[in-house]
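> Take this structure, written in structure tokens, and hold onto it; I'll ask about it next.
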Amino acid sequence: MAFLNTVLEPPSYGWTDKDGNLSKPTNATIVKEFFSRLNVFADKKNWLSFLSWFLVLCLAPILFLFIFKYFSITGLIVAFVYSMIIMGTHGTIWHHRYCTHSAYTFRNNFWRFFTQNLTLKIIPEEIYAVSHHVHHALSDQPGDPYNAQGGFLYCFLADVNHQPIARNMNEASYKKCVNLMKHVGVTPNTYKQYQKWGTIANPYRTIAGIILNWGFWFGAFYLLGGFPLACAVFGSAGVWAVGVRTFNYEGHGKGEDKRRDGVDHNREDMSINQLWPGYVAGEWHNNHHLYPKSARSGFKPHQFDLAWCYIKLMSMLGAVSSYRDSKKEFLLTYFPKTPVVQITAVKYAEVKPVMVRAK
């Protein structure tokens, strides 16, 4: 906990006020902080935050091309499915359940690379994964990088203002930080390189990977449907990249206690289960906070979990070698009168959320 309290670069307005409560800066202060931490000319260590939003800006003209030149109902349907379902589910599969929580393991590096690049690369793993560990350790408390009680902009601009790693770590702390991402496949900077760039990721490798990823997918969609399809997909990815930044504000009740009895069983924070993120991305958020290391978060019959479907399919194909599944523990804990046959039908489940070897 002590390490996670200091692993992120604090904003200029701090995590707490003079009374030790959550610091709640004005919107003007948040926006000022945002632009100051995007300025790569003032400090090259801002490069990763700048890159994340620069990619969104690059996708904006493609979105306009689709809307004003290539628009069609078919293209709109493709854009909706790609942004809302495919990008959303991939974010849960890759960034959330694998990069942060190691809820499952791949058979080899090929399948990890395959899953990593299933969609356009927009959000750097480092920005998401390290800060998400802090989010779970300090959920809805001062220091939570996207504490909904700070307001909409506090969450929406958190990837720049609150999520980058600290820039003044000693070598021992930096190694601990790197260790949080050792399974992700990102080749880390040396400590000397970290002191120069302020990040785990190396800018040259990161940018090269994005160029290759975007080039492959634009070429693939162009061959499948020409510029109209490519623009529909890339433009919608930009919409997702903006929209996903609103999730944690919504997923934690917009800073209010919106938990419902019988629906949101985790009472340690303000996370809530929502139907839309649940169905389109497998993000049953309260369930996830209850069992963060589970590869499945859709535990009830109506909680369809697309991310779990992918992980389960990959395990059946041999690409995923093991995973954690907390469904049985959830049912035994919160629905002990559930007929045994409904519980034991869950293949590979364990009473405790331990890693299970896939057959």
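> Residue under question is Val233, and the condition is that it be under 19 Å from Ile122 (Cβ atoms) and surrounded by fewer than 19 Cβ atoms within 10 Å (Cβ to Cβ); does it hold?
Answer is no for this residue.
> Still on this structure, please answer the following. Residue check, Leu118 against (1) surrounded by fewer than 19 Cβ atoms within 10 Å (Cβ to Cβ); (2) over 16 Å from the mean Cα position of the chain (by Cα); (3) closer than 30 Å to Ser315 by Cα; (4) free of Cβ contacts under 8 Å to residues at least 60 places away in the same chain, all met but one. Which one?
Condition not satisfied by Leu118: (2).
> Quick check: is even one residue across the stretch 274-284 of a type in the set (A, V, I, L, M) and within 13 Å of Gly88 (Cβ to Cβ)?
yes
> Same structure again: Taking Ser322, is it touching a helix residue (DSSP H, G or I) at 6+ places or on another chain (Cβ under 6 Å) and among the polar types (S, T, N, Q)?
Here the answer is no, as Ser322 does not meet what is asked.
Here's the yes/no breakdown for (1) outside any loop (DSSP other than H, G, I, E, B); (2) surrounded by fewer than 19 Cβ atoms within 10 Å (Cβ to Cβ); (3) modelled with pLDDT of 95 or more:
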residue	(1), (2), (3)
Trp217	yes, no, yes
Phe227	yes, yes, yes
Gly238	yes, no, yes
Met270	no, no, yes
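> Can Leu63 be described as under 25 Å from the mean Cα position of the chain (by Cα) and touching a residue at least 60 places away in the same chain (Cβ under 8 Å)?
Numbers: under 25 Å from the mean Cα position of the chain (by Cα): yes; touching a residue at least 60 places away in the same chain (Cβ under 8 Å): yes.
For Leu63, the condition - under 25 Å from the mean Cα position of the chain (by Cα) and touching a residue at least 60 places away in the same chain (Cβ under 8 Å) - is met.
> OK, next. May I ask you to list pairs of residues, at least six apart or on different chains, whose Cβ atoms are under 6 Å apart, with the first in the stretch 170-192 being within 20 Å of Tyr204 (Cα to Cα) and the second being of a type in the set (A, V, I, L, M) and assigned to a helix (DSSP H, G or I)?
Close Cβ pairs satisfying both conditions: Met181/Ala129; Pro188/Val178.
> Would you say Ile85 is β-branched (Val, Ile, Thr), modelled with pLDDT under 95 and either crowded, with 23+ Cβ neighbours inside 10 Å or under 22 Å from Val242 (Cα atoms) (or both)?
No, not satisfied.
> Restricting attention to helices (runs of 4 or more DSSP H) lying wholly within the stretch 1-117, give those where 3 or more residues are aromatic (Phe, Trp, Tyr) and out of contact with any strand residue (DSSP E or B) (no Cβ under 7 Å at 6 or more places or on another chain).
47-68, 109-116
> In the stretch 124-169, how many residues are without any contact (Cβ under 8 Å) to a residue 60 or more places away in the chain, assigned to a helix (DSSP H, G or I) and farther than 26 Å from Gln195 by Cβ?
0
> Give me the pairs, please: first residue somewhere in the stretch 314-332 and of a type in the set (Val, Ile, Thr), second residue anywhere and not in a loop (DSSP other than H, G, I, E, B), beta-carbon distance under 8 Å, and either six or more positions apart or on two chains.
Val320/Tyr104; Val320/Thr105; Val320/Phe106; Val320/Trp111; Val320/Ile311; Val320/Met314
> Is it true that some residue in the stretch 174-192 is surrounded by 15 or more Cβ atoms within 10 Å (Cβ to Cβ), under 30 Å from Phe64 (Cβ atoms) and not aliphatic (A, V, I, L, M)?
So far as the stretch 174-192 goes, no, none of its residues is surrounded by 15 or more Cβ atoms within 10 Å (Cβ to Cβ), under 30 Å from Phe64 (Cβ atoms) and not aliphatic (A, V, I, L, M).
> So in the stretch 285-340, with the set limited to residues that are part of a loop (DSSP other than H, G, I, E, B) and basic (Lys, Arg), which one is farthest from Arg260 (Cα to Cα)? Outline the logic, then answer.
Filtering the stretch 285-340 for residues part of a loop (DSSP other than H, G, I, E, B) gives 291-305, 318-319, 325-326, 335-339.
If we keep only those that are basic (Lys, Arg) as well, we get 293, 296, 300, 337.
Details: Lys293: 23, Arg296: 21, Lys300: 15, Lys337: 21 Å.
Of everything passing the filter in the stretch 285-340, Lys293 is farthest from Arg260 (Cα to Cα).
> Now, a different point. Quick one: in the stretch 195-213, of everything that is within 17 Å of Leu51 (Cα to Cα), out of contact with any Ser or Thr (no Cβ under 7 Å at 6 or more places or on another chain) and not hydrophobic (A, V, I, L, M, F, W, C), which residue is surrounded by the fewest Cβ atoms within 10 Å (Cβ to Cβ)?
Tyr204
> Restricting the first residue to the stretch 243-263 and requiring it to be closer than 13 Å to Asn286 by Cα and β-branched (Val, Ile, Thr), which pairs with a second residue that is modelled with pLDDT of 95 or more and buried (at least 19 other Cβ atoms within 10 Å of the Cβ) meet a Cβ separation below 8 Å and a spacing of at least six or different chains?
Note: pairs meeting the criteria are Val263/Ile272; Val263/Asn273; Val263/Asn286.
The values are calculated or read from the model by the stated rules, or taken from the named source; none is laboratory data. Being a predicted model, the structure only gives us computed values, none of them experimental. We place every Cβ from the backbone using ideal geometry, glycine too, and count neighbours over all the protein chains shown.
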